[in-house]
């Protein structure tokens, strides 16, 4: 075919086709609402006082939302086991977490001061020093029984436990719609929630690197929704 014609007419046909549908809709990532996240985090933290085993749930929530981690990145895998020495500090006292993401690509995720508080809390609960040592081989997320770290399925079950607690509390407090919507949430929503919130304040390049995106355009397309929300707010004031 390439020797039969000198011109590719496909773009011309597509441009003028009355049947071609061009997508211009808004694609928002699945995230928890502010009140849903407040309840998921808050109820888990409150329950820790009665059941200290939920400290593990609390730290998982902090990792997934605060560090934008995929749940698989915390799990025990054949080619990677996330251990405490993967947390490291540079010469300027900034803390990072070295993690293996998609395609077996390593990246260093920055740690906030707020996250460090949760890291210290979790480590003290486990009987460890407040901050990790460079030679520490303890898994980042521990099993209650057995050696090594938890599987993806086990991690999802712990996140779902916190979601269920939050859902019950939302129902009791009269937030029926938020409780119903929380039924559809998955652990991956926490990564989207953290990134969407922080996209409003962090430089796009920094956010993209912490997320592990190979292209900054991916981060821009998924998480930069500020202008959309502002457009929606201004649209409320339109007069007929």
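Bear in mind these aren't lab numbers, they're just calculated from the coordinates by the rules spelled out. Here the structure is a predicted model, which is why all the values come from computation and not from measurement. Positions of Cβ are generated from backbone atoms using ideal geometry, with glycine treated the same way; all protein chains shown enter the neighbour counts.
Evaluated at q = 0.16 Å⁻¹, a Debye calculation over the C-alpha positions of the stretch 34-211 (equal weights, vacuum) places log10 I(q)/I(0) at -1.01. Per-peptide packing, taken as the mean over residues of other Cβ atoms within 10 Å, places 58-64, 68-74 in the sequence 58-64, 68-74 from highest down. Contact order for the stretch 34-211, expressed relative to its length and based on alpha carbon pairs under 8 Å spaced 6+ residues apart, stands at 31 percent. Relative to the longest principal axis of the Cα atoms of the chain, the long axis of helix 188-198 lies at roughly 80 degrees. The GNM of the chain, with springs linking C-alpha atoms under 10 angstrom apart, assigns the highest mean-square fluctuation among 115, 175, 96 to 175. The long axis of helix 113-125 is offset from the longest Cα principal axis of the chain by roughly 40 degrees. Build a GNM of the chain with springs between Cα atoms under 10 Å apart, and of 92, 178, 220 the one that fluctuates most is 92. Highest mean packing first, where packing is the average number of other Cβ atoms within 10 Å per residue, the peptides 39-45, 181-187 line up as 39-45, 181-187. Taken over the stretch 120-174, the alpha-carbon convex hull comes to 113 cubic angstrom per residue.
One chain, two ends: residue 85 and residue 168. Fully extended at 0.36 nm per residue, the span grows by 26.2 nm beyond their Cα-Cα distance. Peptide packing for 207-213, 148-154, 30-36 was compared via the average number of neighbouring C-beta atoms within 10 Å per residue; ordered from the highest value, the list is 207-213, 30-36, 148-154. Rg/Rh for the stretch 117-218 (Cα atoms only, Rh after Kirkwood) is 1.04. Taking the chain as a Gaussian network of alpha-carbon nodes connected by springs under 10 Å, the highest mean-square fluctuation of the residues 199, 217, 179 belongs to 217.
Distance from the Cα centroid of the stretch 173-195 to that of the stretch 49-93 is 21 Å (rounded to whole angstrom). How far is helix 54-66 tilted, in degrees, relative to the longest principal axis of the Cα atoms in the chain, given as a value from 0 to 90 rounded to the nearest 10? So the helix axis and the longest Cα principal axis differ by about 30 degrees.
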